[in-house]
Each structure stands twice: as C-alpha cells, then as structure tokens.
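Coordinate-derived values only; no laboratory data. None of these values were measured; they are calculated from a predicted model. Glycine also receives a Cβ, built like all others from the backbone with ideal geometry; neighbour counts cover every protein chain displayed.
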Amino acid sequence: MPELPEVEVVRRGLAEHAVGRVLEGVTVTHPRAVRRHVAGPADLSAQLTGLRIEAAHRRGKYLWLTFDATPLGTGASATGLDLALVVHLGMSGQMLVQPAAAPVEKHAHIRAVLDDGAELRFVDQRTFGGWSLAGLVEVDGSVVPDTVAHIARDPLDPRFDREAVVAAIRAKNTEIKRVLLDQTVVSGIGNIYADEALWRAGLHGTRIAATLTRPALRTLLDAVTAVMTEALAVGGTSFDALYVNVNGESGYFSRSLAAYGRENEPCDRCGALLIREQFMNRSSFSCPTCQRKPRRR
Ligand SMILES: [Zn+2]
C-alpha cells in the first residue's frame, strides 16, 4: 500500500505535469476502475471533459484534483469548481503522464487526453484503485472532498495540531499502534511508518494509548513526522516495483528501515534481534529490548 510519502510523490508529479491542463476527453477501458463512481463511466467522463486542472491535493493517503472554470464549456458540471476527482491508488495504482503516442500500458484503465498532447493515464495491475468524483466541503477551515471529510489532518499538514492529537490519542483506551493507524485521529500513517515511529520512540505498539504520557506521545508524533519527512526526501518507500511516479519513472526507493521487515536482524540501537508479531492481521516489527511489551492487564 502506498503511504503518505508515496502519495505525496505522486501529488507533486501531478502538480508539475498535469495542473493547468484541460481534460479534453476521458476514456474508461476497465469499469472496475470507476466502480466507486456510482453514476458510471459515461457520467464521470462527461463531468470531467472540458475541465482545467487547478491543483493537486493530498490529505494523509488521499489524493484529489480540483478544477477551475471550464474553458471549453463542455463539462456536464456547471463550472467544475465544486468538483473533486479523487484518485484511489489502491495497492498498485499509478498516475502516468505520457505522450499520447506512447504505447498504452497493459493495465491502463482510464485515459484522459490533455490539451498539451499528453495523456494522463491511470494504470493499475491489481485494480483495487480507481477514480471517483466527489463534491467539495469545508471542514475546519480546509476544503476537502466530501468523501475525505472524516479524515484527520496528517503530520505534514501545516495546520496539524500536535497537542490536539496528543489529547485525542490519550482519550483512546486501545493499543497505540491501532490508534496510529486510525485515519480519523491522525492520517497518513500505515503499517510501515507506524512500526518505524514506534521503534524510534521506544514504544511497543500494544501499549494502551490512554496510559502513555504527553511527552511520550509528542516524541512519537515527532518520530512519525521525521520518518515521513526522511522518506519523502528520497521519494517514498516501497517494496513493490509496481509503484512508479507520475512520469513513469520509479519514484520509490527502498530506504533503510530500522524496524519494518527486519525480523532477526540486530536493532540499530541496542543490537538485540528484532522480532515479528501479528497485530491487526498484519506483521509488526519491534525490538524486544527498546520496546517493552506492556504487562498483561
Ligand atoms: Zn533495541
């Protein structure tokens, strides 16, 4: 699954190569890629055609495009101003900007012709991802798609309120890793970055959130921010060759992770062998010495 840094890499690629372009036509070749748009592929195409991409946005792992007034006047939406194109990357989704003459990728499920001769293509081998349209709503001073309205700000959001999130976490009588993965408390954190941040903060993921001190949670949230910022600096983290950035160039670099995926390797801090445990049906990696498990309650 792409996590926040991976999605941000895609967003930056779209900001550079697709923003300002007009969608001259949208063709859906695999209906599953638009299954979240209940009005269907023809409606999605009609609503998008003629709109100019105004900006590429992200909150947590959610990515969307907004539009300004339609210069061609052919869009079914009156102006496009109240519309968001939400891009679900799923497990393997890619947003590629390619010359229209470039060979079409085997798993290109949606193709949008841009007014500069390029095509914006949604390629998704595993078809968990797709495009859908949503209205825009204002929540807490930010305009977001209505389908994203329940998603909390992520740690890289300039308006992320660390103290408010610390308070929200301490109100949860459940495991801290579960809270980190709860996108309504703080967004953008997936399994990899949760394990990395917990390792840095020296906390075991099954510690109960409500029992952690404010300083410990500040340290943990700062670790989340740091690990994401570092991953972003090298283009995101992925073990999956399917992820490529908006230009089709691999934007995902395996970076050295301190905990995730390192079962039986020595801890960088203390040398103890890292362990793998199951949590929420996924593998969690931690140091048995630096991250003490809580006593059974
Ligand atoms: Zn250790």
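Here is what passes the span test in the chain: the DSSP H helices with alpha carbon length of 18 Å or more along the helix axis and a Kyte-Doolittle mean of -1.0 or above are 4-17, 214-233.
For the chain, what does the alpha-carbon gyration tensor say about shape, rounded, prolate or oblate, given a ≥ b ≥ c as the root eigenvalues, a/c under 1.5 as rounded, and a/b over b/c as prolate? Prolate shape, in that a/c is at least 1.5 and a/b is the bigger ratio. The relative contact order of the chain comes to 17 percent, based on Cα pairs under 8 Å that sit 6 or more residues apart. Ranked by the mean number of other Cβ atoms within 10 Å of their residues, highest first, the peptides 30-38, 149-157 fall in the order 149-157, 30-38. On the beta carbon distance between A210 and D146, with R0 = 22 Å, the FRET formula returns roughly 0.10. Across the stretch 112-120, coupling constants 3J(HN,Hα) worked out from phi with the 6.51/-1.76/1.60 Karplus curve, θ = phi - 60°, read 10, 7, 9, 7, 9, x, 9, 10, 9 Hz, and Gly and Pro carry x. Protection proxy ranking for 89-95, 220-226, 59-65, 15-21, using the average of other Cβ atoms within 10 Å per residue and placing the highest first: 59-65, 89-95, 220-226, 15-21.
Helices in the chain, meaning DSSP H runs of at least 4 residues, each add -39500 (n - 2.57). Divided by all residues, the mean residue ellipticity at 222 nm is -7000 deg cm²/dmol.
In debye to the nearest 20, how big a dipole does the chain give about its Cα centre with +1 on each Lys and Arg Cβ and -1 on each Asp and Glu Cβ?
Details: 35 positive and 33 negative charges, 320 e Å.
Charge dipole, the chain, about its Cα centre: 1540 debye, nearest 20.
The alpha-carbon of K177 sits under 25 angstrom from the alpha-carbons of these lysines, leaving out residues fewer than 8 places away in its chain: K61, K293.
The modelled label-to-label distance for the pair K293/T184, using points 7 Å beyond Cα in the direction of Cβ, is 3.0 nm.
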